[in-house]
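Worksheet: one structure, shown below.
Derivation of every value follows stated rules applied to the coordinates shown; laboratory data play no part. Just so you know, these numbers come straight off a predicted model, no measurement behind them. Please note: Cβ atoms are built from the backbone with ideal geometry, for glycine as well, and neighbour counts cover all protein chains shown.
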Amino acid sequence: MTGDASWVPPLRAGRRPAGQALFGWLEDSRAPRLCRVTGSSGSGRTHLLAWLATGSPVDNPRTTRRVHAFLPAAGLTVRSATWLLADRLGVAAHTPVELAAALNDGRSRVVVVTDLDRAGGRLLPDQPGRIAAELLAPLLALPGLRMAVESAQGSPVGEVLGAAAPEAAVLNLDDPRWTDPDAFAAWCARLPGAPAAAAQLYPSPGLAQLAARAAGGVVVDVAAPLADRAQAVCAAWWANLPGDLQPTVRALAVTEQELPAEEWALLPGAGGAEAVRRVGTYLPPHADGISWRLNLSQLASQVATEASPADSAALVRDLAGQRSEALLGLLLRHGVGGRFLDDPDLLANADPLAVTAAFDAQADTGLLAGAWHSAGPALVTLRSASERATVLNAWLDHDRRPSESPWQTRWAYRPPGGQVRAVSLGRGPYAGRILVATDTGMHVLDEESGQETGVGPLQLPVVPASLACGADAVLIAVDSTGTLGVLPSPVPGSPNSALQVTGRAAQSLGGELTAVAVQRDEGSPALGVGDARGGVAYFTDDSHDGLRPKQPLHDGPVTALATAEARYESWLVSGGADGRVGLWGVSRRSAHPPVETRDIPITAVAASGSTDGLLVVSAWADGLVRVRRQSELGDTVLDLRLGSPVRSAAIDAGGRICLALPERVISLSVAG
C-alpha cells in the first residue's frame, strides 16, 4: 500500500523528462545504487536534485518515493559533511567510520548530495575528492543505501564515485533528451528582461536566465558547442554591464556562498545598497530569490580575470566588526580570519560550517579546536549564535561564560581514564554526590562543583549501562548484556535491604533485567526495574513479586529508567528502544500515554517531581535531549543538543541536570 504521493513542486524550463527519469530511478529498487547528475555549469543540476528531495519527503505516503537526507555540500569538509548527514539520517556520528557503522542495519535509505564540486572552497580544494572517497564511497557499500549525487561534467569526483559504483546511472543535463525543447522555449519567453532566442541557449536554464538580463541583449551561434555559447553569453553580459557597476560584481566574486543584498552591500568595493540594487536587475538571484552568487563558473572566471585578488586587509577592516554569520564565515573561508579562531564568542557568531573548515585548514589541535570538534555535530545544526555559544561553553574547561540561552553549564567533569558509562545520585554516605561509572571504575563527585571528593575510584562488578545507588549506598548496576552487579553497603551494620530487594527483582525477571532506578527517600529500599520485553516493575521489599502495569510500556527492551515523587504518587519514567518515554504511577493498573514518542531509541531518562508535576529529561540515540516540565497549566519543553548522545542522566537535589556523554559529565541548569 503506497497511498497518494506528497505534493511535487512544478519543474520548469522543460525539465519534465529529467524529473521523470529521476523519479523512475528512485522508485525502482533494482536500479543502480548510485545516480550521478552531471552537466555543465548552469545546466540546473543543483535545482533538479533539490526538486527531487522536496518532492520526495521522508514521510511521503508513497513509500517508494522517499529521500531520507538532502545534503548541499558547498563549503563542507569531510568532518562537517559527516556531522550534517548523520543529523539528517537520525543517527549520531563524529567520523565517517562511525556513520557507516550506525547505518549498517540494512534499512532502505536514499541520500541526495548537491554541489559536491564546491565542497571545501578555496581553503580546502581537496575536499570534494575526500568527501567522495572517505564518506560517500563507504556508504555506497552499505546494504539498502542509495545515493543521487551532483557533480560537474569531467569532475574528479565522478571518477571516485564511479569506482565505488561502476554500474551507476548517469543523467547528463547537457544531453537534449532530458529537456523538452518546446517547454524550454515557452519558459524562456517568460523570463524577465529581454529573452534571447531559446534555440541559442538550449538546454541550459542558467545561460537563458543570464542572457535575458544582459543589457542590449545577447546573440550567440546556435551551432557552436554549449561551452562556447556559455563563454559568449558571459562575455557579452560582462561587457554590456554598466561600468560603474562592475566593481559591485567584482566584490561579490570574493564570496563562495550566497549572500543577501544587505550583506553584499557591506563587502569591500561593493558600492553600497543602491549599487547592489541596480546590479540585481542584471544578475539573476539564487534559487531562493533573495540572495546572490556568481553561479555560472564561466561568469565567475570572466569577472576574476579582470579583478585584482581579494584585499585581505580590506576584508578584515570592513567585516571584522560585523556579527553577521555569513560575513564572519566569509573571513574564515578566505583564510584571513585565523586570528579569530581563539575567540569563542566570535566563533559562535560565525557560520559554523566556515569555522569547521577553518579549523580543518589549519589542522588546529588546540583546546578550542578540540571543544569545537566535540560539540560540532550539535553546532552545525543550531541556527542561534547564543545556542551555539552555550553548547561550546559546555566543552570549554576553563572559559565558561554565561549566555542568553535558557540553559547554562554549571560544571563539566572529564574522567582520568576510560569513557563515561552511567551516572547516579548518591545516597547514605554518598548523599550530595554524583556517582560516575567509567570503563575503569566509579568516581564520586560533589554535585555542586563537579570536583572529585577523594573517595574511590570504586570498582563495580560490571561496566554499567544502568546504575542506581540504593538505601545505605548499595550500588546496583546492570551491564549491556543484562548482567547484574551489586556492591553491598559500605555502612557498618547495614541490613543491606536494597541488596535483598534487588535479588528479589532479578529472580522475578528471570535474567531479563535491562535498567534499574531507586527512590530518592534515604530510607526506602524500593527499586524500579525494566526488562527486555518492554515491561517495568516496582519492588518495595523482598517479599513480593512487585507491582506492574497491565501492559508493557514499550515494544522492545527498556533502555533507561527513573523514579520520581509527584502529586502524592510514586512514578516510574521509562525509555525504550522503540523511542518512547513511558510514564506509570505505581498505584495504578494502567500506564499514562507516552510522554514522548520518536522513531529513535532512547538512551537515557531522568525525572524529579513536586506538587506541581514532573520534570522529565529524555535523551535519544541521535543526540537530542528534551527537558519537559509538566504542570497543571501545561507543559514547557526545551530541546538541546551537545554533540554526542547522552548515555545516562540524573537530576540532583538542586534541580540541576547531570548528563553523561561518552567523554564527560555535564551539569546544567534550566531556566524556569
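Sort out for me the Cα centre separation of the stretch 109-178 from the stretch 286-303, rounded to whole Å.
After rounding, the separation between the Cα centres reads 22 Å.
Taking θ as phi - 60°, what are the ³J(HN,Hα) couplings along the stretch 66-83 by the Karplus curve (6.51, -1.76, 1.60), each to the nearest whole Hz, with x for Gly and Pro?
10, 10, 8, 7, 10, 10, x, 9, 4, x, 7, 10, 3, 5, 5, 5, 5, 4
To the nearest 0.05, what FRET efficiency results for Asp521 and Asp545 with a Förster distance of 30 Å applied to their C-beta separation?
That gives a FRET efficiency of 0.90.
Once you put a point 7 Å from the Cα of Ala141 and another 7 Å from the Cα of Ala199, both along the Cβ direction, what distance in nm separates them?
Reported label-point gap for Ala141 and Ala199 is 5.2 nm.
Just subtract the alpha-carbon distance of Glu404 and Thr63 from 0.36 nm times their residue separation and send over the number in nm, one decimal.
Difference between extended and current length: 118.5 nm.
Work out, step by step, the length gained on full extension between Thr483 and Thr365: first 0.36 nm times the residue separation, then minus their alpha carbon distance; give nm to one decimal.
38.5 nm
Roughly speaking, what is the stretch gain from Ser386 to Thr636, that is 0.36 nm per residue apart minus the C-alpha to C-alpha distance, in nm to one decimal?
Gain on stretching Ser386 to Thr636: 88.0 nm.
Ranking request for peptides 351-358, 257-264, 227-234: highest mean number of other beta-carbon atoms within 10 Å first, then the rest in descending order. Display every interim value, and only then the final one.
Numbers: 351-358: 26.5, 257-264: 18.8, 227-234: 20.4.
Those peptides, ordered most packed to least, come out 351-358, 227-234, 257-264.
Between Asp446 and Ala671, what FRET efficiency comes out of the Förster formula 1/(1 + (r/R0)^6) with R0 = 30 Å and r the beta carbon distance, rounded to 0.05?
So the FRET efficiency works out to roughly 0.80.
If you average 1/r across every pair of different Cα atoms in the stretch 511-605 and take the reciprocal, what Kirkwood value do you get, in Å?
When all Cα pairs of the stretch 511-605 are included, the Kirkwood radius is 13.0 Å.
Going through the stretch 81-160, which GluC sites (Glu not before Pro) have at most 16 other Cβ atoms within 10 Å and a DSSP loop state?
Hits after loop and neighbour filter: nothing returned.
As a check on your grasp of the helix formula, calculate [θ] at 222 nm for the chain: sum -39500 (n - 2.57) over DSSP H runs of n ≥ 4, divide by the residue count, round to the nearest 500.
Helix-only estimate at 222 nm: -8000 deg cm²/dmol.
Across the Cα atoms of the stretch 16-178, what radius of gyration and what greatest pairwise Cα-Cα distance (Dmax) are found, in Å?
Cα only, the stretch 16-178: 14.5, 42 Å (Rg, Dmax).
Which stretch or stretches of the stretch 412-442 have amide N atoms under 19 Å from the point lying 7 Å from Gln459's Cα along the Cα→Cβ direction?
416-419, 421, 436-442
For the chain, what is the convex hull volume of the alpha-carbon atoms per residue, in Å³? Don't jump to the answer; show the numbers that get you there.
Values: hull volume 113.4 nm³, N = 672.
Value for the chain: 169 Å³ per residue.
Per residue, what volume in Å³ does the Cα convex hull of the stretch 411-667 take up?
Dividing the Cα hull volume of the stretch 411-667 by its residue count gives 112 Å³.
Between Glu27 and Ala189, take the C-beta separation as r, use R0 = 35 Å, and let me know the FRET efficiency to the nearest 0.05.
About 0.60, to the nearest 0.05.
Looking at the chain, send over the antiparallel percent of its DSSP beta bridges, to the nearest 5.
80 percent
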